[in-house]
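> Mind having a look at this structure? Questions to follow.
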Amino acid sequence: MISIKTYKKIARRSFGQLGEDIYDYWAVINKVFYDGKLKPLLITFEKVFSYGQAIGTFSNHHHIRIKTKNFQINSEIILILSHEVIHQSHDELLSDKQKAKIEGFGQKSEYNCHNNIYWISEIKRIHKQVFSEELDVELKKVKKIDGHAKRINDHKEIRNRYPNSLSDDKKERFFEYLTGELQFANCNCESKNNEKKS
């Protein structure tokens, strides 16, 4: 397994300070939301995507891609990263049996789509951790009404783009939450280094 230190060096050479900073944020997201259980992976930035409206992707080949024209850390990039790390957690933390159960639940695509039990529970859990409030989102359901299939309970925008679907104020608060956790982690590292020196 490639270490986060190695990925940071590669990213620094390819993307400058942004490459290094993105791994600091990835490490914080991994620590505060997943207790450090996720494995480091390749994170790259691209100006153009061949994925339609997508602004980020996670592949189960352990690669996160983020679309950006601004190669500096900002809230938009960190929100995209947060979204893709939730996909990473699906891939790494669910057993094959759990993935099969989700696929067998009648989903239109694989376990890593946005309309499954794991995704909904994760965005609700993360939202409550960051904002201390419940997120109003449920699985999309289809019901036959007057002979036609109608979507009910469809929170597609919230579900598919979380946390990018939040209000501007909440997006900024989400970013500030992670930045605060990063600063706290950096302070702890500096304290430990100073203790070692004395």
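The values are calculated or read from the model by the stated rules, or taken from the named source; none is laboratory data. This one's a predicted model, so the numbers in the text were calculated from it and none came from an experiment. Here the Cβ is made from the backbone with ideal geometry for all residues, glycine too, and neighbour counts use every protein chain on show.
> For residues that are assigned to a helix (DSSP H, G or I) and over 21 Å from Leu178 (Cα atoms), scanning just the range 114-132, find the one that is modelled with the highest pLDDT.
So the first thing to find is which residues in the range 114-132 are assigned to a helix (DSSP H, G or I), and the list is 117-131.
Then drop every residue that is not over 21 Å from Leu178 (Cα atoms), which leaves 117-118.
On the way: Ile117: 81, Tyr118: 85.
The residue in question is Tyr118.
> Exactly one condition in (1) over 22 Å from Tyr25 (Cβ atoms); (2) at pLDDT below 70; (3) not β-branched (Val, Ile, Thr); (4) not in a loop (DSSP other than H, G, I, E, B) is not met by Lys192; state its number.
Here Lys192 meets the rest and fails (1).
> Hey, could you check the range 54-78 for residues that are of a type in the set (Val, Ile, Thr) and assigned to a loop (DSSP other than H, G, I, E, B) and say which is farthest from Leu182 (Cα to Cα)?
Restricting attention to the range 54-78, the residues satisfying the condition of being of a type in the set (Val, Ile, Thr) are 55, 57, 64, 66, 68, 73, 77-78.
Those left that are additionally assigned to a loop (DSSP other than H, G, I, E, B): 55, 68, 73.
Details: Ile55: 24, Thr68: 22, Ile73: 13 Å.
Checking each candidate, the answer is Ile55.
> Restricted to the range 133-164, and to residues that are within 25 Å of Phe58 (Cβ to Cβ) and at pLDDT 90 or above, which residue is surrounded by the fewest Cβ atoms within 10 Å (Cβ to Cβ)?
Step by step, filter the range 133-164, then rank; the result is Asn164.
> Could you check, for the range 47-60, whether at least one of its residues is touching a Leu at 6+ places or on another chain (Cβ under 7 Å), surrounded by fewer than 18 Cβ atoms within 10 Å (Cβ to Cβ) and in contact (Cβ under 8 Å) with a residue 40 or more places away in the chain?
From the range 47-60, those touching a Leu at 6+ places or on another chain (Cβ under 7 Å) are none; that's our starting set.
Within the range 47-60, not a single residue is touching a Leu at 6+ places or on another chain (Cβ under 7 Å), surrounded by fewer than 18 Cβ atoms within 10 Å (Cβ to Cβ) and in contact (Cβ under 8 Å) with a residue 40 or more places away in the chain.
> Taking Ile102 as the residue in question, decide whether it is under 21 Å from Tyr34 (Cα atoms), at pLDDT below 80, over 15 Å from the mean Cα position of the chain (by Cα) and among the hydrophobic types (A, V, I, L, M, F, W, C).
On the way: under 21 Å from Tyr34 (Cα atoms): yes; at pLDDT below 80: yes; over 15 Å from the mean Cα position of the chain (by Cα): yes; among the hydrophobic types (A, V, I, L, M, F, W, C): yes.
In short, yes.
> When Arg65 is evaluated against the numbered criteria (1) crowded, with 17+ Cβ neighbours inside 10 Å; (2) at pLDDT 85 or above; (3) touching a helix residue (DSSP H, G or I) at 6+ places or on another chain (Cβ under 6 Å), which criterion, by number, is the only one it fails?
(3)
> Select from the range 6-49 the residues that are among the β-branched types (Val, Ile, Thr) and in a loop (DSSP other than H, G, I, E, B) and list them in ascending order.
Step one: filter the range 6-49 for residues among the β-branched types (Val, Ile, Thr), giving 6, 10, 22, 28-29, 32, 43-44, 48.
The one that is among the β-branched types (Val, Ile, Thr) and in a loop (DSSP other than H, G, I, E, B): Val48.
> Further question: Taking Phe49 as the residue in question, decide whether it is among the aromatic types (Phe, Trp, Tyr) and modelled with pLDDT of 85 or more.
No: the conditions fail for Phe49.
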